[in-house]
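One structure below.
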């Protein structure tokens, strides 16, 4: 069995060293990164290839990836990294990771195209100035192959362990039996519908009454579908903490029953719980870098041992890495529990977390799934909550009092842009006064162009300022993050959202809000990114309304367990 790994994952596993360093430094957005790569490609000569797919095998490993560009005339392979600020401030361990990536791309390209040597180039593109800094190395195919094989050997034992786990997991799930003597009323049709949706690779809306055991009734069939459908991960997403606890309990019941049944193939299932950063931080008074937090200092140097212990615990019968167990392992190795949990997502079978881990703008699980090309099944618990949570994820607001409170102490290089924004904001407030009467709330067709231009200027100048003078927690930084989020949400502004202004006549304050009403355009790509998604709740009616608001595919199946309707019985589908 060939074990597949992405170039980035291989390099992150073998090349990361030193401190965890999450000091805020302004970086390019995803859109700026895409645009930057396009600009670099447009500057290259005829015959330049962009997004070059490469892959290669070594000793049971299949490594695959996509290099940013290749210039056949110069025999140069390029890896483009976008950035803001001072390039010299980039941590050395991040630069080393970039070199490792382009070296692997070079080895794979040489083998794929029969090249005897190649030039490697790291192209650092400054999104503010659009200048390029190009660092190059010349390598023979033999030297790159040696580096590639060395990385593969260092990953090989882990890969062999993971491949063995996957075989054992699939064998155990194939032999898995329902964890109770019999199904509760309504539980069997629910389970059958979930399994059929996973088999067909489509979404399912399941309305089922409280008390029938929806958590076990959805987890069990999706786990059973994993071996047949080659599903890599199962994500169980909840709106609230009690939902995570119920999922962990249900998984424990499934594992215990499998163990007690004396299955010929023991159930090997790795379960991890993701919690919010503020609920797992050991040093909330410290910043996330080695000069401040002891759990960030030498994080990557100690990660391998912590990861090995965590996986060993996960592989024990009836074990799961919940918040408490993760903390115990992390502190034993003196590393951050929160970032250990993010690392362990890569090596887990079931992840129990919050809606935002898959659906929001910066969703961890969605990002990892896309980067690693995982095939995933998603379960959305109490799915009626996803409408309001989706609206919140894709809304943004700004308070005038926050800007005014910051203005008197603002650095000199920022005052002009901040005052321009303040003047624009005041004119919006003035327009909402009818005679002597303040109109407390008004909806507008959209944000005024001068407001967006002023906000974008503030974001730009503050970005440049923070690149030179990083700040930790300050009113400026908090307003900057709010403004960044506002401008990012505005990029997707459309008929699905409203722009409104709320005035507080008593405090002379106002709030600008992009208020999402229909989250469908934002959630739709997340449903498409999963092999199968089941949304279940006791209240999911009317189903057409729910489907339209969430952006579910036309092929979505529906079942109302109380009415014993069939999985394809939705009126509009």
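A short reminder: the numbers here are calculations on the coordinates, not readings from a lab. In this text, all values refer to a predicted model and were calculated from it rather than measured experimentally. Note that we place each Cβ from the backbone using ideal geometry, even for glycine, and neighbour counts take in every protein chain shown.
Indicate, rounded to the nearest 5 percent, the antiparallel portion of the DSSP beta bridges found entirely in the range 3-155. Mind showing how you got there, number by number?
Numbers: 22 of 34 bridges.
In the range 3-155, approximately 65 percent of DSSP beta bridges are antiparallel ones.
Which option, [x] 55; [y] 19; [z] 5, is the value of percent of Cα pairs over 47 Å apart that was calculated from these coordinates? The value matching this structure is [y]. The Rg/Rh ratio for the range 396-516 is 0.97, where Rg is the radius of gyration of the alpha carbons and Rh is the Kirkwood radius. Sorted fewest first by neighbouring Cβ atoms within 10 angstrom, 398, 10 come out as 398, 10.
With runs of 4+ DSSP H residues as the only contributors, calculate the mean residue ellipticity of the chain at 222 nm using -39,500 (n - 2.57) per run, divided by the residue total and rounded to the nearest 500. Mind showing how you got there, number by number?
Numbers: 20 runs with 270 residues, N = 573.
The helix contribution divided over the chain gives -15000 deg cm²/dmol.
Starting from 0.36 nm per residue, how many nanometres of slack lie between residue 308 and residue 64 once their C-alpha separation is accounted for? Present the calculation step by step, with values, prior to reporting the outcome.
Working: separation 244, 0.36 × 244 = 87.84 nm, distance 2.45 nm.
Extending this stretch completely gives an extra 85.4 nm.
Please tell me the relative contact order of the chain in percent, rounded to the nearest whole number, where contacts are Cα pairs under 8 Å and at least six residues apart. Dividing the mean separation by the residue count of the chain yields 17 percent. Stretched out straight at 0.36 nm per residue, the stretch from residue 6 to residue 440 would grow longer than its current Cα-Cα span by 150.9 nm.
Under the simplified labelling scheme, the residue 279-residue 256 pair shows an inter-label distance of 2.2 nm, with each label point 7 Å from Cα along Cα→Cβ. Shape of the range 3-155 from the C-alpha gyration tensor: oblate (a/c of 1.5 or more and a/b not above b/c, with a ≥ b ≥ c the square roots of its eigenvalues).
Let a ≥ b ≥ c be the square roots of the eigenvalues of the Cα gyration tensor of the range 262-312; is it rounded (a/c under 1.5), or, if not, prolate (a/b larger than b/c) or oblate?
Details: a/c = 5.76, a/b = 2.10, b/c = 2.75.
Here the range 262-312 falls in the oblate category.
Exposure proxy shown here: for 183, 522, 299, the number of other Cβ atoms within 10 Å sets the order, fewest to most, as 183, 522, 299.
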